[in-house]
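Contents: one structure, followed by commentary.
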Amino acid sequence: MYNIAVMGDLDSVYGFASLGLDVFPAGAQDAPELLRKLAEGGYGVIYITEELAALIAEDIERYAEQRLPAIIQIPGIKGNTGAGIQGVKNTVEQAIGSDILFGSEPAGEGEPR
Amino acid sequence: MASTQIKPTRMELTRLKKKLGTAVKGHKLLKDKRDELMREFMDLVRENMELRKKVEAGIRAANVNFVVARADMSEEILQAALMVPKQSVELKASSRNVMSVDVPVFDYTTRTPDANDIYSYGFAFTSSELDGAVKSLSDVFPDMLKLAEVEKSCQLMASEIEKTRRRVNALEHVIIPETREGIRYITMKLDENERSTQTRLMKVKDMMLEQAHHYSEK
């Protein structure tokens, strides 16, 4: 059994508490330590706001090769930085060598098709 | 040059031939693995992109709702309303094997089956916008979980594809040609040795005949 965590600035994450997810407001200083604790503490999915993820990219990178936890970027209250979409593009680039699928799509505020 | 280090013996030749056989077989298998992984990855990453767009739009909309809800209520009441959640989510993670890559499969159960348990507050002091905001967030949640599963799978598969591609290339462009070269070198060397032995024997025979009968064989 695993839990689900949401990390980010308080304004972006407090709503998720109502769904029954564990909410952890964090800044750039305490985020790496918190992420480590969550990853080892039985959290299977960790949602993290794009702004916070950008600050602790190396710490997130460490869990990329592991099956769990899945660290997923979500847009915060300040809007969408496009980092999540960029992440998907990066995986395509890693797998294929160049982004042939979504190369023409902008990484910014993409509306669903 | 690698061939200078190869000992031109029959044993080495057998070893190299075996190695070549394994390398060629391995190359074919790895290439098949790469192609199949690539095919699965393509489907999955398209789904990933679609889900991500859907989730990001959903969360953006929910965030807008939350901002509106906050504008209508004091900070304290809002905090108090969401402080003790009624609902909790438990995540079950199993794994699926795609071409030897272990990808996670998530399944969640809520503690209570009642869909209305996302409202962890009495409705007396909170605005109706908050209800809407919480509802909109809860609507996105199944997609968020699906996104987590798909995106993690994509990441794991991408790194596996990268690794497999490197192996395929190393076999195709380094190991197999080098082994072929080694086999060629040994075969040539052995042939050469045989020819030199042959001529030596012929020469010796000539000399022996010359000694015995004092004539040279034509």
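Among the listed pairs B:Lys25/B:Lys152; B:Lys54/B:Lys152; B:Lys33/B:Lys189; A:Lys37/B:Lys146, which have their C-alpha atoms separated by more than 28 angstrom in this model?
B:Lys25/B:Lys152; B:Lys33/B:Lys189
Placing +1 on the Cβ of each Lys and Arg and -1 on the Cβ of each Asp and Glu in chain B, which of B:Ala61, B:Ala170, B:Met99 has its Cα farthest towards the positive end of the resulting dipole?
Most positive-ward Cα: B:Ala170.
Calculate log10 I(q)/I(0) of the protein assembly as shown for q = 0.12, 0.13, 0.15 Å⁻¹, where I(q) comes from the Debye formula with a single equal point scatterer on each Cα and nothing for solvent.
Evaluating at q = 0.12, 0.13, 0.15 Å⁻¹ gives log10 I(q)/I(0) of -0.87, -0.97, -1.18.
For segment B:196-207, just list the computed ³J(HN,Hα) in residue order, Karplus coefficients 6.51, -1.76 and 1.60, θ = phi - 60°, integers in Hz, with x standing in for Gly and Pro.
Result, rounded to whole Hz: 5, 4, 4, 5, 4, 4, 4, 4, 4, 4, 3, 5.
Given H placed on each backbone N at 1.01 Å, which residues far from A:Ala70 in sequence or on other chains put an amide H within less than 5 Å of it?
Under 5 Å from the amide H of A:Ala70 lie the amide H atoms of A:Val45, A:Ile46, each far enough along the sequence or on another chain.
Tabulate in residue order the Karplus-calculated ³J(HN,Hα) for segment B:42-54, using 6.51 cos²θ - 1.76 cosθ + 1.60 with θ = phi - 60°, rounded to whole Hz; enter x for Gly and Pro.
So the J values, rounded to whole Hz, are 4, 4, 5, 6, 5, 4, 4, 4, 5, 4, 4, 5, 5.
When the Cα centres of segment B:155-205 and segment B:69-94 are compared, how far apart do they sit, in Å?
67
Just going by the charge dipole of the protein assembly as shown, with Lys and Arg at +1 and Asp and Glu at -1 on Cβ, which of B:Met208, A:Leu55, A:Ile74 is farthest out on the positive end?
Farthest towards the positive pole: B:Met208.
Using DSSP to define loop residues, name the trypsin sites (Lys or Arg not before Pro) in segment B:35-111 whose beta-carbon has at most 16 other beta-carbon atoms within 10 Å.
B:Lys86, B:Arg111
Please state the charge dipole magnitude for the protein assembly as shown, taken about the Cα centre, from unit charges on C-beta atoms (+1 on K and R, -1 on D and E), reported in debye and rounded to the nearest 20.
2740
Cα gyration tensor of segment A:3-77, axes a ≥ b ≥ c as square roots of the eigenvalues: rounded (a/c below 1.5), prolate (a/b > b/c) or oblate? Intermediate results must be reported in sequence, preceding the final value.
On the way: a/c = 1.66, a/b = 1.20, b/c = 1.39.
Here segment A:3-77 falls in the oblate category.
Output the 0 to 90 degree angle, nearest 10, between the alpha-carbon long axis of helix A:31-40 and the longest principal axis computed from the alpha carbons of chain A.
80
If a paramagnetic tag sat 7 Å from the Cα of B:Ser128 along the Cα-Cβ line, which residues of segment B:42-68 would have the backbone N under 20 Å from that point?
Only B:62-68 fall inside the zone, counting backbone N under 20 Å.
Within segment B:48-121, list the chymotrypsin sites (Phe, Trp or Tyr not before Pro) lying in a DSSP loop whose Cβ has at most 15 other Cβ atoms in a 10 Å radius.
Answer in residue order: no site qualifies.
Could you point to the residue in A:Gly84, A:Val6, B:Thr179 farthest towards the positive end of the protein assembly as shown's charge dipole, with +1 and -1 charges on the Cβ of Lys/Arg and Asp/Glu respectively?
Farthest towards the positive end: B:Thr179.
When Cβ neighbours within 10 Å are restricted to other protein chains, what is their mean count per residue of peptide A:47-54? If you can, show how the numbers build up before the last one.
Working: counts 6, 0, 1, 1, 0, 0, 0, 0.
Counting other chains' Cβ atoms within 10 Å and averaging over A:47-54 gives 1.
Where is the GNM fluctuation largest for chain B (alpha-carbon springs, 10 angstrom cutoff): B:Leu91, B:Leu145, B:Leu44?
Judging by the Gaussian network model, the answer is B:Leu91.
Each value in this text was obtained by applying a stated rule to the coordinates, not by laboratory testing. Keep in mind that this is a model prediction, so the values were computed, not measured. For neighbour counting, all protein chains shown are included, and Cβ atoms are generated from backbone atoms with ideal geometry for every residue, glycine included.
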